[in-house]
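Inspection log for the structure reproduced underneath, given as structure tokens.
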Amino acid sequence: MLIDYLKKLRDLYLVKVKWSQYKIGKGFHAGARVSLWARDTLIIGDDFYIGRDSLIETDCIIGNHVMLGNKVAMIGRYDHNFQQPGTPIRLASQVRDNDYKWRGLHDVIIVEDDVWIGYGTVIMGGVWIGTGSIIASGSIVTRDVEPYSIYAGSPAVKLKDRFDSIEDLEKHKQLYKLNYQ
């Protein structure tokens with residue numbers, strides 16, 4: 001019981017103090033050593049879980065009932081201007097600079113409701129992940145993900161639909177709407 005209380009207290013501190021500049025819904029939980037940073041926009045819905053050693057380092061809009069496993073990274077595609085003539089990449093302008101004007105400035109990762117992103121997955125900036133999708137552990141997501149589908153690999157590709165039948169999918173949608181919206 002004390003452990004649960006301390007976890008809730010920690011999560012409250014993270015939402016209300018450490019990451020107060022972002023919009024984070026109720027039911028937020030972060031594992032140990034989680035890092036959040038967004039240049040302009042970070043919106044996280046209700047009942048969000050982010051596993052230990054995970055990071056969000058780009059603009060994101062995340063829906064409700066989303067789960068990120070441990071060591072998940074959501075990162076920008078163009079965080080450093082690697083085409084800046086005469087400048088080593090390490091010293092080139094980067095997305096954290098106030099005067100950064102290169103690619104990727106308006107790329108936002110969008111993760112819709114009821115998504116599970118597995119251990120060690122990397123999501124690149126500008127990707128849209130549709131409602132009800134699952135991303136398998138260790139995947140690298142470079143393109144949009146269809147709703148209610150399972151993706152895996154590097155780069156991630158669609159393996160199959162999340163539900164085996166249209167009837168099961170429709171039943172899930174009805175029950176989800178009834179119980180969680």
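The values are calculated or read from the model by the stated rules, or taken from the named source; none is laboratory data. Since the model is a prediction, treat every value here as computed from it, not as a measurement. Glycine gets a Cβ as well: all are built from the backbone with ideal geometry, and neighbour counts include every protein chain shown. For the accessible areas, the whole protein counts, side chains as well, though only heavy atoms, and no ligand, DNA or RNA atoms are used. Shrake-Rupley method; radii C 1.70, N 1.55, O 1.52, S 1.80 Å.
Only one item in (i) 12.4; (ii) 11.2; (iii) 11.8 matches mean projected area of the Cα convex hull in nm² derived from the coordinates shown, and that item is (iii). So which lysines pass the test for Lys171, namely a Cα distance under 19 Å, with those fewer than 8 places away in the same chain ruled out? In chain and number order, the partners are Lys160.
DSSP beta bridges in the stretch 1-96, what fraction antiparallel, as a percent rounded to 5? In the stretch 1-96, DSSP labels about 5 percent of beta bridges as antiparallel. Its Cα centre serving as origin, the chain has a Cβ charge dipole (Lys and Arg +1, Asp and Glu -1) of approximately 600 debye. Within the same chain, lysines fewer than 8 places from Lys26 are excluded, and of the rest, those with a Cα less than 23 Å from its Cα are Lys7, Lys8, Lys16, Lys18, Lys71, Lys173, Lys177.
Beta bridges per DSSP, both residues in the chain: antiparallel share near 15 percent. Normalised per residue, the accessible area of the chain is 58 Å², obtained with a 1.4 Å probe and no contribution from ligands, DNA or RNA.
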